[in-house]
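The values are calculated or read from the model by the stated rules, or taken from the named source; none is laboratory data. Note that the structure is a prediction, hence the values are computed from the model and not measured. Every residue, glycine as well, gets a Cβ built from its backbone with ideal geometry; the counts of neighbours run over all protein chains shown. Areas reflect the complete protein model, heavy atoms only, side chains present, ligands, DNA and RNA absent. Shrake-Rupley method; radii C 1.70, N 1.55, O 1.52, S 1.80 Å.
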Amino acid sequence: MEYFDPAETWSRDALVHAQGVRLRAIVDRALRSPFYRERLGKTGLSPGDIACAEDVGRLPFTTKDDVRAAYPWGMTAAPREDLVRLHVSSGTTGVPVAVYHTQDDVDAWADLMARCLHMVGIRRGDVFQNIAGYGLFTGGLGIHYGAERLGCLTIPAGTGNTRRQLRLLRDMQVAAIHIIPSYALYLGAMLMDEGVDPRSLPVRIALIGAEPHTEEVRQRIEYLLGVKAYNSYGLSEMNGPGVAFECLAQGGLHVWEDAFLAEIVNPETGEPVPEGEIGELVMTTLIRRGMPLLRYRTRDLTRFLPGLCACGRRHRRIDRILGRVDDMFIVKGCNIYPLQIEQILMSFPEVGETYLIILEQAENMDQIRVQVEIREEHFIEDMRALHGLQRKIAARIRDEILVTPKIELVEPKSLPRAEGKARRVEDRRPALTRP
Ligand code: AMP
Ligand code: ZN
(Lines give C-alpha, C1' and ligand atoms only; values in the text may rest on other atoms or scores of the structure.)
(Ligands and ions follow the chains in the order given, each with its own letter.)
Protein backbone atom coordinates (compact mmCIF):
# COMPACT_ATOMS: atom_id res chain seq x y z
CA MET A 1 0.00 0.00 0.00
CA GLU A 2 1.29 3.46 -0.84
CA TYR A 3 0.50 5.66 2.12
CA PHE A 4 0.93 9.23 3.32
CA ASP A 5 0.80 8.58 7.05
CA PRO A 6 2.09 5.42 8.79
CA ALA A 7 -1.20 5.30 10.75
CA GLU A 8 -2.83 4.13 7.52
CA THR A 9 -0.95 0.85 7.83
CA TRP A 10 -1.79 0.11 11.48
CA SER A 11 -3.32 -3.27 12.25
CA ARG A 12 -6.71 -3.56 13.98
CA ASP A 13 -4.98 -4.35 17.24
CA ALA A 14 -2.76 -1.28 16.97
CA LEU A 15 -5.74 0.93 16.13
CA VAL A 16 -7.92 -0.36 18.95
CA HIS A 17 -5.06 -0.08 21.41
CA ALA A 18 -4.30 3.51 20.38
CA GLN A 19 -8.00 4.35 20.65
CA GLY A 20 -8.07 3.19 24.26
CA VAL A 21 -5.04 5.25 25.20
CA ARG A 22 -6.27 8.32 23.33
CA LEU A 23 -9.79 8.03 24.70
CA ARG A 24 -8.52 8.18 28.25
CA ALA A 25 -6.39 11.23 27.36
CA ILE A 26 -9.24 13.01 25.62
CA VAL A 27 -11.57 12.51 28.56
CA ASP A 28 -8.88 14.10 30.70
CA ARG A 29 -8.59 16.95 28.23
CA ALA A 30 -12.36 17.42 27.98
CA LEU A 31 -12.50 17.97 31.74
CA ARG A 32 -10.85 21.33 31.11
CA SER A 33 -14.04 22.60 29.49
CA PRO A 34 -16.83 23.92 31.69
CA PHE A 35 -19.39 21.81 29.82
CA TYR A 36 -17.68 18.45 30.33
CA ARG A 37 -16.60 19.27 33.85
CA GLU A 38 -20.25 19.51 34.68
CA ARG A 39 -21.50 16.70 32.42
CA LEU A 40 -18.86 14.19 33.44
CA GLY A 41 -19.01 15.39 37.01
CA LYS A 42 -22.64 14.27 37.14
CA THR A 43 -21.71 10.74 36.05
CA GLY A 44 -18.83 10.52 38.51
CA LEU A 45 -16.59 9.18 35.73
CA SER A 46 -12.91 10.02 35.69
CA PRO A 47 -10.23 9.34 33.06
CA GLY A 48 -8.99 6.49 35.24
CA ASP A 49 -12.24 4.64 34.50
CA ILE A 50 -11.37 4.46 30.80
CA ALA A 51 -9.12 1.48 30.18
CA CYS A 52 -9.91 0.60 26.55
CA ALA A 53 -11.79 1.80 23.47
CA GLU A 54 -14.91 -0.12 24.46
CA ASP A 55 -15.26 1.98 27.58
CA VAL A 56 -16.52 4.78 25.34
CA GLY A 57 -19.97 3.32 25.99
CA ARG A 58 -19.73 4.51 29.60
CA LEU A 59 -19.56 8.15 28.55
CA PRO A 60 -22.64 10.32 28.09
CA PHE A 61 -23.68 11.48 24.61
CA THR A 62 -23.20 15.04 23.37
CA THR A 63 -25.81 16.58 21.06
CA LYS A 64 -25.93 19.54 18.73
CA ASP A 65 -28.16 21.27 21.25
CA ASP A 66 -25.47 20.79 23.89
CA VAL A 67 -22.94 22.49 21.63
CA ARG A 68 -25.38 25.33 20.96
CA ALA A 69 -26.18 25.77 24.63
CA ALA A 70 -22.47 25.96 25.44
CA TYR A 71 -21.89 28.74 22.88
CA PRO A 72 -19.64 30.69 22.90
CA TRP A 73 -17.02 29.41 25.35
CA GLY A 74 -18.57 26.54 27.28
CA MET A 75 -16.88 23.74 25.35
CA THR A 76 -13.40 25.03 24.77
CA ALA A 77 -10.68 23.08 26.53
CA ALA A 78 -7.67 25.23 25.73
CA PRO A 79 -6.67 28.68 26.97
CA ARG A 80 -8.32 31.38 24.89
CA GLU A 81 -4.98 32.52 23.43
CA ASP A 82 -4.18 29.01 22.11
CA LEU A 83 -7.25 28.99 19.88
CA VAL A 84 -6.40 30.00 16.32
CA ARG A 85 -9.40 28.99 14.20
CA LEU A 86 -13.18 29.03 14.44
CA HIS A 87 -15.67 27.30 12.12
CA VAL A 88 -19.43 27.22 12.28
CA SER A 89 -21.55 24.33 11.11
CA SER A 90 -23.73 25.06 8.08
CA GLY A 91 -27.48 25.13 7.81
CA THR A 92 -28.02 26.38 11.30
CA THR A 93 -30.20 29.26 12.24
CA GLY A 94 -30.19 30.97 15.56
CA VAL A 95 -27.39 30.06 17.95
CA PRO A 96 -24.32 28.92 16.01
CA VAL A 97 -22.65 25.55 16.41
CA ALA A 98 -19.11 26.86 16.76
CA VAL A 99 -15.97 24.72 16.78
CA TYR A 100 -12.56 25.99 17.90
CA HIS A 101 -9.12 24.73 16.95
CA THR A 102 -5.63 25.17 18.31
CA GLN A 103 -2.65 25.29 15.94
CA ASP A 104 -2.04 21.59 16.68
CA ASP A 105 -5.64 20.84 15.73
CA VAL A 106 -5.37 22.73 12.46
CA ASP A 107 -2.13 20.89 11.66
CA ALA A 108 -3.57 17.48 12.52
CA TRP A 109 -6.60 18.24 10.37
CA ALA A 110 -4.39 19.18 7.40
CA ASP A 111 -2.49 15.90 7.86
CA LEU A 112 -5.71 13.89 7.87
CA MET A 113 -6.92 15.69 4.79
CA ALA A 114 -3.62 15.21 2.95
CA ARG A 115 -3.90 11.53 3.77
CA CYS A 116 -7.32 11.39 2.07
CA LEU A 117 -6.11 13.15 -1.05
CA HIS A 118 -3.06 10.95 -1.28
CA MET A 119 -5.18 7.83 -0.83
CA VAL A 120 -7.12 8.52 -4.04
CA GLY A 121 -4.03 9.16 -6.12
CA ILE A 122 -3.38 12.87 -5.78
CA ARG A 123 0.32 13.66 -5.45
CA ARG A 124 2.74 16.46 -4.71
CA GLY A 125 2.98 18.67 -7.76
CA ASP A 126 -0.58 18.01 -8.92
CA VAL A 127 -2.76 21.07 -9.39
CA PHE A 128 -5.82 21.04 -7.15
CA GLN A 129 -8.85 23.29 -7.58
CA ASN A 130 -11.10 23.68 -4.57
CA ILE A 131 -14.53 24.51 -6.00
CA ALA A 132 -16.16 24.98 -2.60
CA GLY A 133 -17.33 27.89 -0.52
CA TYR A 134 -14.62 29.47 1.60
CA GLY A 135 -15.54 31.08 4.87
CA LEU A 136 -17.18 29.36 7.78
CA PHE A 137 -17.87 26.26 5.67
CA THR A 138 -15.14 23.73 6.44
CA GLY A 139 -14.98 22.40 2.87
CA GLY A 140 -13.08 25.56 1.92
CA LEU A 141 -10.13 25.96 4.28
CA GLY A 142 -10.24 22.34 5.48
CA ILE A 143 -9.62 20.84 2.07
CA HIS A 144 -7.37 23.73 1.07
CA TYR A 145 -4.79 23.20 3.82
CA GLY A 146 -4.82 19.44 3.18
CA ALA A 147 -3.99 19.96 -0.48
CA GLU A 148 -1.19 22.37 0.42
CA ARG A 149 0.13 19.95 3.03
CA LEU A 150 0.35 17.28 0.36
CA GLY A 151 2.26 19.68 -1.86
CA CYS A 152 -0.36 20.49 -4.48
CA LEU A 153 -0.55 23.81 -6.23
CA THR A 154 -3.88 24.71 -4.66
CA ILE A 155 -6.43 27.05 -6.22
CA PRO A 156 -9.02 28.48 -3.82
CA ALA A 157 -11.58 28.85 -6.60
CA GLY A 158 -14.70 29.02 -4.43
CA THR A 159 -18.10 28.44 -6.01
CA GLY A 160 -19.88 30.13 -8.89
CA ASN A 161 -18.50 31.83 -11.97
CA THR A 162 -18.52 28.57 -13.87
CA ARG A 163 -16.73 30.01 -16.88
CA ARG A 164 -13.77 31.13 -14.84
CA GLN A 165 -13.70 27.73 -13.16
CA LEU A 166 -13.45 26.05 -16.56
CA ARG A 167 -10.78 28.41 -17.72
CA LEU A 168 -8.68 27.69 -14.63
CA LEU A 169 -9.16 23.96 -15.06
CA ARG A 170 -7.76 24.16 -18.56
CA ASP A 171 -5.06 26.79 -18.15
CA MET A 172 -3.64 25.27 -14.98
CA GLN A 173 -3.96 21.64 -16.10
CA VAL A 174 -5.90 20.87 -12.94
CA ALA A 175 -5.60 17.19 -11.95
CA ALA A 176 -8.11 17.08 -9.13
CA ILE A 177 -11.05 19.08 -7.83
CA HIS A 178 -13.21 19.19 -4.75
CA ILE A 179 -16.84 19.99 -5.47
CA ILE A 180 -20.27 19.53 -3.88
CA PRO A 181 -22.26 16.88 -5.78
CA SER A 182 -25.16 19.18 -6.73
CA TYR A 183 -22.73 21.73 -8.19
CA ALA A 184 -20.82 18.98 -9.97
CA LEU A 185 -24.04 17.93 -11.72
CA TYR A 186 -24.64 21.52 -12.71
CA LEU A 187 -21.13 21.95 -14.07
CA GLY A 188 -21.44 18.66 -15.95
CA ALA A 189 -24.75 19.69 -17.51
CA MET A 190 -23.21 22.93 -18.63
CA LEU A 191 -20.35 21.12 -20.33
CA MET A 192 -22.85 18.91 -22.10
CA ASP A 193 -24.98 21.86 -23.25
CA GLU A 194 -21.91 23.55 -24.68
CA GLY A 195 -20.74 20.41 -26.40
CA VAL A 196 -17.49 20.22 -24.38
CA ASP A 197 -16.14 16.68 -24.25
CA PRO A 198 -15.30 16.14 -20.57
CA ARG A 199 -12.45 13.89 -21.63
CA SER A 200 -10.81 16.92 -23.18
CA LEU A 201 -10.40 18.40 -19.68
CA PRO A 202 -7.29 17.57 -17.65
CA VAL A 203 -9.17 16.66 -14.44
CA ARG A 204 -8.89 13.00 -13.39
CA ILE A 205 -10.18 13.03 -9.84
CA ALA A 206 -13.11 14.68 -8.09
CA LEU A 207 -13.69 14.64 -4.36
CA ILE A 208 -17.41 14.92 -3.74
CA GLY A 209 -19.09 15.32 -0.40
CA ALA A 210 -20.66 17.66 2.13
CA GLU A 211 -24.17 16.59 1.16
CA PRO A 212 -26.00 13.29 0.87
CA HIS A 213 -25.95 11.76 -2.59
CA THR A 214 -26.62 8.39 -4.14
CA GLU A 215 -24.41 6.01 -6.09
CA GLU A 216 -26.43 7.04 -9.17
CA VAL A 217 -25.34 10.64 -8.69
CA ARG A 218 -21.71 9.59 -8.29
CA GLN A 219 -21.88 7.69 -11.57
CA ARG A 220 -23.44 10.65 -13.32
CA ILE A 221 -20.71 12.95 -12.06
CA GLU A 222 -18.04 10.52 -13.22
CA TYR A 223 -19.62 10.36 -16.64
CA LEU A 224 -20.39 14.07 -17.04
CA LEU A 225 -16.99 15.27 -15.83
CA GLY A 226 -14.88 12.36 -17.07
CA VAL A 227 -13.40 11.73 -13.62
CA LYS A 228 -13.22 9.17 -10.84
CA ALA A 229 -15.30 10.58 -7.99
CA TYR A 230 -14.55 9.76 -4.35
CA ASN A 231 -16.90 10.28 -1.46
CA SER A 232 -15.67 12.67 1.23
CA TYR A 233 -17.50 12.70 4.56
CA GLY A 234 -17.13 14.96 7.51
CA LEU A 235 -18.88 17.45 9.73
CA SER A 236 -17.74 20.69 11.29
CA GLU A 237 -18.10 19.29 14.79
CA MET A 238 -15.42 16.68 13.88
CA ASN A 239 -13.24 19.29 12.06
CA GLY A 240 -15.06 19.02 8.72
CA PRO A 241 -13.81 16.96 5.77
CA GLY A 242 -11.18 14.33 6.53
CA VAL A 243 -13.26 12.19 8.90
CA ALA A 244 -14.11 9.34 6.54
CA PHE A 245 -13.06 9.00 2.93
CA GLU A 246 -13.31 6.52 0.11
CA CYS A 247 -10.21 4.75 -1.11
CA LEU A 248 -9.49 3.63 -4.68
CA ALA A 249 -11.73 0.58 -4.13
CA GLN A 250 -14.78 2.93 -3.94
CA GLY A 251 -16.49 0.50 -1.60
CA GLY A 252 -17.32 2.51 1.49
CA LEU A 253 -15.48 5.21 3.41
CA HIS A 254 -12.59 4.49 5.78
CA VAL A 255 -13.07 6.28 9.10
CA TRP A 256 -9.67 7.48 10.34
CA GLU A 257 -9.81 5.56 13.55
CA ASP A 258 -6.54 6.86 14.93
CA ALA A 259 -8.21 10.29 15.15
CA PHE A 260 -11.90 9.47 15.63
CA LEU A 261 -13.78 6.80 17.52
CA ALA A 262 -16.95 5.86 15.64
CA GLU A 263 -20.00 4.04 16.96
CA ILE A 264 -23.32 3.30 15.32
CA VAL A 265 -26.34 3.39 17.59
CA ASN A 266 -30.09 3.08 17.39
CA PRO A 267 -31.19 6.73 17.08
CA GLU A 268 -34.12 6.18 19.44
CA THR A 269 -32.56 4.13 22.22
CA GLY A 270 -28.90 5.15 21.88
CA GLU A 271 -27.92 1.47 22.15
CA PRO A 272 -25.29 0.12 19.74
CA VAL A 273 -26.85 -1.65 16.75
CA PRO A 274 -25.64 -5.12 15.76
CA GLU A 275 -22.62 -5.07 13.42
CA GLY A 276 -23.62 -4.19 9.87
CA GLU A 277 -27.00 -2.67 10.74
CA ILE A 278 -28.00 0.88 9.92
CA GLY A 279 -28.08 3.43 12.70
CA GLU A 280 -26.89 6.86 13.74
CA LEU A 281 -23.18 7.58 13.56
CA VAL A 282 -21.75 8.75 16.88
CA MET A 283 -18.24 10.14 16.97
CA THR A 284 -15.59 11.03 19.52
CA THR A 285 -12.60 13.21 18.70
CA LEU A 286 -9.51 11.36 19.92
CA ILE A 287 -6.86 14.01 19.41
CA ARG A 288 -8.51 17.43 19.36
CA ARG A 289 -7.30 19.90 21.94
CA GLY A 290 -9.28 23.09 21.35
CA MET A 291 -12.70 21.49 21.66
CA PRO A 292 -12.88 17.76 22.34
CA LEU A 293 -16.29 16.19 21.73
CA LEU A 294 -17.32 12.92 23.35
CA ARG A 295 -19.89 10.64 21.73
CA TYR A 296 -21.27 13.33 19.46
CA ARG A 297 -24.62 12.42 17.87
CA THR A 298 -24.11 13.24 14.18
CA ARG A 299 -27.76 12.50 13.15
CA ASP A 300 -26.27 10.85 10.03
CA LEU A 301 -27.45 7.35 9.19
CA THR A 302 -25.04 4.69 7.99
CA ARG A 303 -23.65 1.27 8.88
CA PHE A 304 -20.26 -0.34 9.28
CA LEU A 305 -19.43 -2.41 6.21
CA PRO A 306 -18.35 -5.94 7.01
CA GLY A 307 -15.17 -7.53 5.70
CA LEU A 308 -11.73 -6.22 4.90
CA CYS A 309 -11.03 -3.63 2.24
CA ALA A 310 -8.94 -4.67 -0.73
CA CYS A 311 -6.70 -1.61 -0.25
CA GLY A 312 -5.20 -3.14 2.89
CA ARG A 313 -6.19 -0.39 5.31
CA ARG A 314 -7.76 -1.69 8.48
CA HIS A 315 -9.61 1.48 9.45
CA ARG A 316 -13.24 0.38 9.41
CA ARG A 317 -15.45 1.50 6.55
CA ILE A 318 -18.88 3.09 6.74
CA ASP A 319 -21.44 2.97 3.97
CA ARG A 320 -22.25 6.20 2.14
CA ILE A 321 -24.55 8.32 4.32
CA LEU A 322 -28.03 6.95 3.74
CA GLY A 323 -29.81 10.02 5.08
CA ARG A 324 -30.08 12.12 8.20
CA VAL A 325 -32.30 11.26 11.09
CA ASP A 326 -33.92 14.68 10.63
CA ASP A 327 -34.42 14.28 6.85
CA MET A 328 -36.91 11.51 7.22
CA PHE A 329 -40.47 12.54 6.57
CA ILE A 330 -43.67 10.64 7.08
CA VAL A 331 -46.43 10.65 4.50
CA LYS A 332 -49.47 8.38 4.81
CA GLY A 333 -47.72 6.49 7.59
CA CYS A 334 -44.66 5.63 5.49
CA ASN A 335 -41.20 6.69 6.61
CA ILE A 336 -39.40 8.17 3.63
CA TYR A 337 -35.88 9.46 3.03
CA PRO A 338 -35.22 11.91 0.16
CA LEU A 339 -32.36 9.76 -1.13
CA GLN A 340 -34.78 6.93 -1.90
CA ILE A 341 -36.47 9.27 -4.35
CA GLU A 342 -33.20 10.63 -5.75
CA GLN A 343 -31.92 7.16 -6.45
CA ILE A 344 -34.88 6.47 -8.72
CA LEU A 345 -34.93 9.86 -10.43
CA MET A 346 -31.25 9.66 -11.30
CA SER A 347 -31.63 6.24 -12.87
CA PHE A 348 -33.73 7.82 -15.66
CA PRO A 349 -31.47 9.23 -18.39
CA GLU A 350 -34.19 11.73 -19.32
CA VAL A 351 -34.00 13.34 -15.89
CA GLY A 352 -31.78 16.39 -15.51
CA GLU A 353 -29.69 17.57 -12.59
CA THR A 354 -32.14 19.12 -10.19
CA TYR A 355 -35.30 18.07 -8.45
CA LEU A 356 -37.42 19.30 -5.59
CA ILE A 357 -39.60 17.23 -3.30
CA ILE A 358 -42.61 19.19 -2.06
CA LEU A 359 -44.73 17.92 0.80
CA GLU A 360 -48.18 19.46 0.83
CA GLN A 361 -51.78 18.88 1.67
CA ALA A 362 -54.55 18.38 -0.84
CA GLU A 363 -58.07 17.73 0.44
CA ASN A 364 -56.71 17.15 3.93
CA MET A 365 -54.40 14.43 2.73
CA ASP A 366 -50.64 14.66 2.73
CA GLN A 367 -49.14 14.27 -0.67
CA ILE A 368 -45.73 14.27 -2.27
CA ARG A 369 -45.15 16.33 -5.36
CA VAL A 370 -41.82 15.98 -7.09
CA GLN A 371 -40.67 18.61 -9.55
CA VAL A 372 -38.15 17.07 -11.89
CA GLU A 373 -36.01 18.86 -14.42
CA ILE A 374 -35.94 17.13 -17.75
CA ARG A 375 -32.96 17.30 -20.07
CA GLU A 376 -33.21 19.73 -22.97
CA GLU A 377 -33.29 17.07 -25.68
CA HIS A 378 -36.17 15.23 -24.02
CA PHE A 379 -38.20 18.26 -23.14
CA ILE A 380 -39.09 18.83 -26.78
CA GLU A 381 -40.58 15.36 -27.12
CA ASP A 382 -44.30 15.00 -27.65
CA MET A 383 -46.83 15.05 -24.83
CA ARG A 384 -47.49 11.36 -25.03
CA ALA A 385 -43.85 10.48 -24.41
CA LEU A 386 -43.67 12.91 -21.50
CA HIS A 387 -46.83 11.55 -19.90
CA GLY A 388 -45.43 8.06 -20.27
CA LEU A 389 -42.23 9.12 -18.55
CA GLN A 390 -44.20 10.79 -15.76
CA ARG A 391 -46.15 7.59 -15.14
CA LYS A 392 -43.03 5.43 -15.20
CA ILE A 393 -41.23 7.62 -12.67
CA ALA A 394 -44.27 7.72 -10.38
CA ALA A 395 -44.65 3.94 -10.50
CA ARG A 396 -40.99 3.28 -9.73
CA ILE A 397 -41.06 5.69 -6.79
CA ARG A 398 -44.27 4.11 -5.47
CA ASP A 399 -42.59 0.69 -5.55
CA GLU A 400 -39.80 2.09 -3.41
CA ILE A 401 -41.61 4.28 -0.87
CA LEU A 402 -45.15 2.82 -1.04
CA VAL A 403 -46.73 6.21 -1.70
CA THR A 404 -47.58 7.42 -5.20
CA PRO A 405 -46.07 10.84 -5.78
CA LYS A 406 -47.32 13.45 -8.20
CA ILE A 407 -44.58 13.96 -10.77
CA GLU A 408 -44.21 17.33 -12.49
CA LEU A 409 -41.74 17.50 -15.34
CA VAL A 410 -40.25 20.96 -15.59
CA GLU A 411 -37.95 22.73 -18.02
CA PRO A 412 -34.21 22.44 -17.72
CA LYS A 413 -32.67 25.03 -15.38
CA SER A 414 -36.06 26.14 -14.05
CA LEU A 415 -35.63 24.99 -10.45
CA PRO A 416 -33.69 27.06 -7.93
CA ARG A 417 -30.04 26.14 -7.49
CA ALA A 418 -28.01 26.59 -4.37
CA GLU A 419 -24.34 27.53 -4.55
CA GLY A 420 -23.73 25.57 -1.39
CA LYS A 421 -25.56 22.51 -0.18
CA ALA A 422 -28.73 21.81 -2.15
CA ARG A 423 -32.13 21.95 -0.48
CA ARG A 424 -34.13 18.99 -1.80
CA VAL A 425 -37.27 18.97 0.33
CA GLU A 426 -39.82 21.69 0.98
CA ASP A 427 -42.41 20.91 3.60
CA ARG A 428 -45.45 23.08 2.90
CA ARG A 429 -47.82 21.18 5.15
CA PRO A 430 -49.47 23.23 7.88
CA ALA A 431 -47.18 22.98 10.90
CA LEU A 432 -49.86 21.55 13.17
CA THR A 433 -50.52 18.48 11.07
CA ARG A 434 -46.89 17.52 10.62
CA PRO A 435 -45.99 14.34 12.43
P1 AMP B 1 -21.55 20.86 8.23
O2 AMP B 1 -22.51 21.15 9.33
O3 AMP B 1 -21.49 21.92 7.23
O4 AMP B 1 -20.23 20.49 8.74
O5 AMP B 1 -22.17 19.59 7.48
C6 AMP B 1 -22.01 18.30 7.96
C7 AMP B 1 -23.10 17.41 7.45
O8 AMP B 1 -23.08 17.34 6.02
C9 AMP B 1 -22.95 15.99 7.90
O10 AMP B 1 -23.44 15.78 9.20
C11 AMP B 1 -23.76 15.26 6.84
O12 AMP B 1 -25.14 15.31 7.13
C13 AMP B 1 -23.49 16.05 5.59
N14 AMP B 1 -22.41 15.42 4.82
C15 AMP B 1 -21.11 15.74 4.80
N16 AMP B 1 -20.42 14.94 3.95
C17 AMP B 1 -21.30 14.07 3.44
C18 AMP B 1 -21.21 12.97 2.52
N19 AMP B 1 -20.08 12.64 1.94
N20 AMP B 1 -22.34 12.30 2.25
C21 AMP B 1 -23.51 12.64 2.83
N22 AMP B 1 -23.66 13.65 3.68
C23 AMP B 1 -22.57 14.36 3.99
ZN1 ZN C 1 -9.80 0.74 1.25
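Below are the figures for this structure:
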{"quantity": "Scaled radius of gyration (Cα, divided by 2.2 N^0.38 Å) that the stretch 27-138 gives", "calculated": "1.31"}
{"quantity": "Sparse-neighbour loop sites [GluC sites (Glu not before Pro); the stretch 270-318; at most 11 other C-beta within 10 Å; DSSP]", "calculated": "E275, E277"}
{"quantity": "Cα convex hull of the stretch 276-435 - mean projected area over all directions, nm²", "calculated": "13.8"}
{"quantity": "Cα radius of gyration and Dmax for the stretch 1-326 (Å)", "calculated": "19.6, 66"}
{"quantity": "DSSP beta bridges in the chain [antiparallel fraction, %, rounded to 5]", "calculated": "60"}
{"quantity": "Packing-based order for 212-221, 262-271, using average beta carbon neighbours within 10 Å, highest first", "calculated": "212-221, 262-271"}
{"quantity": "The stretch 191-207 - phi-based ³J(HN,Hα) in whole Hz, Karplus 6.51/-1.76/1.60, Gly and Pro as x", "calculated": "4, 5, 4, 8, x, 7, 6, x, 6, 7, 8, x, 5, 10, 10, 10, 9"}
{"quantity": "Total formal charge among the other residues, if their Cβ is under 11 angstrom from that of G242, Lys/Arg +1 and Asp/Glu -1", "calculated": "+1"}
{"quantity": "Highest average packing first - 390-398, 15-23, Cβ atoms within 10 Å", "calculated": "15-23, 390-398"}
{"quantity": "For the stretch 233-294 and the stretch 131-178, distance of Cα centres in Å", "calculated": "25"}
{"quantity": "Close Lys-Lys pairs in the chain, where close means Cα under 27 Å and separation is 8 or more or interchain", "calculated": "10"}
{"quantity": "Surface share of carbon and sulfur [accessible, 1.4 angstrom probe, percent] for the chain", "calculated": "51"}
{"quantity": "Theoretical ellipticity at 222 nm over the chain - DSSP helices of four or more residues, -39500 (n - 2.57) apiece, nearest 500", "calculated": "-9000 deg cm²/dmol"}
{"quantity": "Other-chain or far-sequence residues with amide H under 5 Å of F260's (modelled H)", "calculated": "L286"}
{"quantity": "Nonlocal amide H pairs with M172, under 5 Å, H built at 1.01 Å", "calculated": "none"}
